[in-house]
1. So if I check each of Leu75, Leu86, which one is at pLDDT 90 or above and either part of a strand (DSSP E or B) or under 29 Å from Gly122 (Cα atoms) (or both)?
2. Do you know which of the residues in the stretch 91-119 that are over 15 Å from the mean Cα position of the chain (by Cα) and farther than 18 Å from Arg56 by Cα is least open to solvent (accessible area, probe 1.4 Å)?
3. Is it the case that Glu44 is surrounded by fewer than 15 Cβ atoms within 10 Å (Cβ to Cβ), outside any helix (DSSP H, G or I) and of a type outside the set (Val, Ile, Thr)?
4. All but one of (1) in contact with a Phe, Trp or Tyr (Cβ under 8 Å, 6 or more places away or on another chain); (2) part of a loop (DSSP other than H, G, I, E, B) hold for Val21; state the number of the condition that does not hold.
Amino acid sequence: MSLVLTEPQPAPTGVHNAICVEVGDPEVYTTTAGDRPVIRIVWEIEPKDEQGRRHRVGRTFTASLHPESNLGRFLDVWLGKTPTHLKKEILVGRRCYLVVHHEQGRNGITYAKAFKAMPADGQNTLTL
């Protein structure tokens, strides 16, 4: 009997009901341009995967709240403003409509990535 391992399917592309489930602590990534602080935000989305669990989709941002930074622009659309201080409790548990798209990693594997988050209305009823 042999064991066959398969890569999990990435979350489907499109706009999904989502809820923020995790905001990572700032970490330092070393790149060719030098060290940079980053944070990772993770959401769970509908529909569910093959095992009946919600797909998890994340995105890593440079840890800058400048209005022109990727994180600043992302939060401005989602929250309606760019916060001056980022507290995990502001984001964790917050619902949104998450735009998901696929990107191919350097290893050739396709990953789902959070592209944009838009404010949720009463139709998004996901809970933690």
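The values are calculated or read from the model by the stated rules, or taken from the named source; none is laboratory data. These figures come from a predicted structure and were not determined experimentally. Ideal geometry is used to build each Cβ from the backbone, glycine not excepted, and the neighbour counts take in all protein chains shown. Remember, those area values only see protein heavy atoms, side chains included, never the ligands or the DNA or RNA. Shrake-Rupley method; radii C 1.70, N 1.55, O 1.52, S 1.80 Å.
1. Leu75
2. Gly108
3. no
4. (2)
Residues are listed down the side, and each one gets a yes or a no for (1) surrounded by fewer than 15 Cβ atoms within 10 Å (Cβ to Cβ); (2) among the β-branched types (Val, Ile, Thr); (3) under 29 Å from Thr125 (Cβ atoms); (4) free of Cβ contacts under 8 Å to residues at least 24 places away in the same chain:
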{"site": "Pro10", "(1), (2), (3), (4)": "no, no, yes, no"}
{"site": "Ile19", "(1), (2), (3), (4)": "no, yes, yes, no"}
{"site": "Ala33", "(1), (2), (3), (4)": "yes, no, no, yes"}
{"site": "Glu68", "(1), (2), (3), (4)": "yes, no, no, yes"}
